[in-house]
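A.B. asks: I'd like to ask you about the structure that follows.
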Amino acid sequence: MLPLNLTIAISSLSAHKLRAVLAMLGVFLGALAFTGVQHVSKIMVRQAELETEKLGPNLYAVLAGSIRFTRGGSIRMTGHSRTFVLADANALMDSVPSVLDGTPFVTATMAVRGNGNAVNAQIMACWPNYQEIRSFRPESGRFFNWKEVDERAKVCVLGRKIAERLFGKPEKAVGRDIYMFRASFKVLGVMEEKGRDVSGTDQDEVLLMPITTYMRRASNQRWISGVYLRLAKDAGLAMVNESVNAIMRERHKIDQGEDDDFSAMSAADAIKLQRQALELMTTLGAITSTISFAVGGMGILSIMILVVRSRRVEIGVRRAVGGRRRDIVRQFLFESGLMAAVGGGLGVTVTVLLVVIGCTVAKLPIIIDPSSLTTTLVGSCLLGVVAGAYPAWQAANIEILDVLKS
């Protein structure tokens with residue numbers, strides 16, 4: 001029975017190709033929107049998890065200013081404060097429970113020249129233990145040491161992309177001089193390739209130098225951008241947060257009810273906040289896909305009503321030669337379900353192709369969610385059956401004599 005129904009359905013759809021395509025279009029767009037948004041959301045969350053791993057093991061950051069998230073989920077600092085000083089960082093490292101190590105840091109953007117080329121680099125002025133805290137080590141050469149920090153030495157370590165843009169090959173940068181702040185700096189090493197972290201910073205575009213060199217020789221400033229803390233594996237984040245807030249508010253003389261001039265965030269917090277930032281996109285996608293599915297259902301309903309009217313003679317003849325009402329109902333439900341299934345199947349297929357191609361080009365993790373694809377296909381078929389129920393009922397209730405008379 002199924003092959004016969006399939007043959008009749010394909011013949012009917014082929015006879016009215018434009019109608020069939022228009023009916024499938026809404027379901028196709030709905031399936032594409034729903035599965036697309038679901039996959040983009042999962043991919044971005046996974047990307048956030050991978051980027052968070054790049055921050056370093058059990059990392060906790062206390063930053064000057066406030067944190068906000070862009071629509072893409074990356075972190076941006078606003079309301080940058082100059083009240084965060086080295087003494088605050090030392091107090092946090094000494095007094096916050098479960099802190100194993102820490103490094104204060106200063107960030108800035110600066111033009112760097114070398115080998116006849118010039119680039120803009122993200123300056124990261126820090127202590128030598130930055131490489132352990134952030135799990136970010138030199139691929140060639142070495143990192144600066146504590147003696148060079150004490151001496152405020154004019155040395156630096158380049159991110160891989162900075163080294164490539166200045167010297168062509170990263171290994172050629174080691175031992176060479178670069179120029180910034182109207183002074184020359186010796187390149188001690190080139191960092192391993194790392195990519196972007198959860199804050200949106202491309203760590204391959206970073207130039208690292210001793211924090212004393214930057215704060216005294218370059219900018220002559222007292223304030224810092226923040227401090228990275230490495231916590232013990234069993235650290236209680238609630239206790240750490242409470243301790244950090246108490247220490248910073250006391251040192252900065254922030255009264256009750258006043259806003260903080262600092263922000264504190266762990267790696268787990270970063271993932272949580274990014275997921276919240278992506279919720280709006282997921283919600284809007286769900287609304288869009290629902291509207292598209294509704295339009296697709298109305299399209300199938302309209303097309304099937306037209307199909308029933310144009311096939312009255314066929315229906316009457318089938319009934320006259322012994323066709324039962326339930327056979328007519330099954331036939332039209334099969335046809336409406338087939339149109340919806342084809343539209344949903346095309347939407348799912350295009351989603352998979354776009355995910356694979358887009359993630360490959362953008363170097364994002366490729367995630368294919370079988371449950372989302374299956375749900376979309378089943379939902380599309382059910383939508384087609386529901387939309388075709390009324391036209392199928394109309395077809396089954398056509399009077400044989402009225403058709404034969406006409």
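A.B. asks: For the subset of the range 322-338 comprising residues that are among the small types (Gly, Ala, Ser) and either assigned to a loop (DSSP other than H, G, I, E, B) or in contact with a strand residue (DSSP E or B) (Cβ under 6 Å, 6 or more places away or on another chain) (or both), which member is surrounded by the fewest Cβ atoms within 10 Å (Cβ to Cβ)?
C.D. replies: Here the answer is Gly322.
A.B. asks: Condition first: surrounded by 14 or more Cβ atoms within 10 Å (Cβ to Cβ), more than 30 Å from Val40 (Cα to Cα), over 39 Å from the mean Cα position of the chain (by Cα) and not aliphatic (A, V, I, L, M). Can you find one or more residues in the range 289-306 that meet it?
C.D. replies: There is no residue in the range 289-306 that is surrounded by 14 or more Cβ atoms within 10 Å (Cβ to Cβ), more than 30 Å from Val40 (Cα to Cα), over 39 Å from the mean Cα position of the chain (by Cα) and not aliphatic (A, V, I, L, M).
A.B. asks: Given the conditions (1) more than 30 Å from Gly195 (Cα to Cα); (2) modelled with pLDDT of 90 or more, which single one is not true for Ser336?
C.D. replies: (2)
A.B. asks: Among the residues of the range 290-321 satisfying the criterion of being in a helix (DSSP H, G or I) and over 20 Å from Gly388 (Cα atoms), which is modelled with the lowest pLDDT?
C.D. replies: It comes out as Ala320.
A.B. asks: Hey, could you check the range 377-406 for residues that are modelled with pLDDT under 85, among the β-branched types (Val, Ile, Thr) and surrounded by 16 or more Cβ atoms within 10 Å (Cβ to Cβ) and say which is farthest from Glu335 (Cα to Cα)?
C.D. replies: Val403
A.B. asks: Tell me whether the range 197-210 contains one or more residues that are within 19 Å of Ala87 (Cα to Cα), assigned by TED's automatic domain parsing to the domain that holds Asp94, crowded, with 18+ Cβ neighbours inside 10 Å and modelled with pLDDT of 90 or more. Reasoning before the result, please.
C.D. replies: Initially, the range 197-210 is screened for residues within 19 Å of Ala87 (Cα to Cα), giving 210.
Adding the requirement that they be assigned by TED's automatic domain parsing to the domain that holds Asp94 leaves 210.
From the residues that got through so far, the ones that are crowded, with 18+ Cβ neighbours inside 10 Å too are 210.
Among the residues that remain, those that are also modelled with pLDDT of 90 or more are: 210.
So far as the range 197-210 goes, yes, one or more of its residues are within 19 Å of Ala87 (Cα to Cα), assigned by TED's automatic domain parsing to the domain that holds Asp94, crowded, with 18+ Cβ neighbours inside 10 Å and modelled with pLDDT of 90 or more.
A.B. asks: Which count do you get for residues in the range 211-247 that are surrounded by fewer than 19 Cβ atoms within 10 Å (Cβ to Cβ), under 25 Å from Lys161 (Cα atoms) and at pLDDT below 90?
C.D. replies: Of the residues in that region, 1 qualify.
A.B. asks: For the range 200-215, what are the residues that are assigned to a strand (DSSP E or B) and more than 29 Å from the chain's Cα centre (by Cα)?
C.D. replies: Of everything in the range 200-215, those that are assigned to a strand (DSSP E or B) and more than 29 Å from the chain's Cα centre (by Cα) turn out to be Met209, Pro210.
A.B. asks: Shifting gears a bit: Scan the range 87-100 for residues that are touching a helix residue (DSSP H, G or I) at 6+ places or on another chain (Cβ under 8 Å) and not acidic (Asp, Glu) and jot them down.
C.D. replies: Ala87, Ala91, Leu92, Ser95, Val96, Pro97, Ser98, Val99
A.B. asks: In addition: Return the only residue of Ile67, Ile43, Ile75 being modelled with pLDDT of 80 or more and surrounded by 17 or more Cβ atoms within 10 Å (Cβ to Cβ).
C.D. replies: Exactly one of Ile67, Ile43, Ile75 is modelled with pLDDT of 80 or more and surrounded by 17 or more Cβ atoms within 10 Å (Cβ to Cβ), namely Ile43.
A.B. asks: For the range 350-406, how many residues meet the condition of being part of a helix (DSSP H, G or I) and closer than 23 Å to Gln47 by Cα?
C.D. replies: Of the residues in the range 350-406, 17 are part of a helix (DSSP H, G or I) and closer than 23 Å to Gln47 by Cα.
A.B. asks: Run Arg182 past the list (1) modelled with pLDDT under 90; (2) within 25 Å of Asn220 (Cα to Cα); (3) crowded, with 17+ Cβ neighbours inside 10 Å; (4) not small (Gly, Ala, Ser) and report the number of the one that doesn't hold.
C.D. replies: Going through (1) modelled with pLDDT under 90; (2) within 25 Å of Asn220 (Cα to Cα); (3) crowded, with 17+ Cβ neighbours inside 10 Å; (4) not small (Gly, Ala, Ser) one by one, Arg182 breaks only (3).
A.B. asks: Among the strands (runs of 3 or more DSSP E) lying completely within the range 98-176, list those that include at least 1 residues that are closer than 23 Å to Ala64 by Cβ and among the aromatic types (Phe, Trp, Tyr).
C.D. replies: In the range 98-176, 99-114 are the strands (runs of 3 or more DSSP E) which contain 1 or more residues that are closer than 23 Å to Ala64 by Cβ and among the aromatic types (Phe, Trp, Tyr).
A.B. asks: Against the condition aromatic (Phe, Trp, Tyr), in contact (Cβ under 8 Å) with a residue 24 or more places away in the chain and in a loop (DSSP other than H, G, I, E, B), how does Phe185 come out, does it pass?
C.D. replies: no
A.B. asks: Out of all the residues in the range 248-259, which are under 15 Å from Val85 (Cα atoms) and either part of a loop (DSSP other than H, G, I, E, B) or at pLDDT below 90 (or both)?
C.D. replies: Once the filter is applied, which keeps residues that are under 15 Å from Val85 (Cα atoms) and either part of a loop (DSSP other than H, G, I, E, B) or at pLDDT below 90 (or both), the range 248-259 yields His252, Lys253.
A.B. asks: Please give the number of the condition Asp94 fails out of (1) buried (at least 16 other Cβ atoms within 10 Å of the Cβ); (2) assigned to a helix (DSSP H, G or I); (3) not basic (Lys, Arg).
C.D. replies: (1)
A.B. asks: While we're looking at this one, here's another question. Could you check, for the range 216-234, whether at least one of its residues is touching a residue at least 24 places away in the same chain (Cβ under 8 Å), in a strand (DSSP E or B) and among the small types (Gly, Ala, Ser)?
C.D. replies: For the range 216-234, residues touching a residue at least 24 places away in the same chain (Cβ under 8 Å), in a strand (DSSP E or B) and among the small types (Gly, Ala, Ser): present.
The values are calculated or read from the model by the stated rules, or taken from the named source; none is laboratory data. Quick caveat: nothing in here was measured; it's all calculated off a predicted structure. Here the Cβ is made from the backbone with ideal geometry for all residues, glycine too, and neighbour counts use every protein chain on show.
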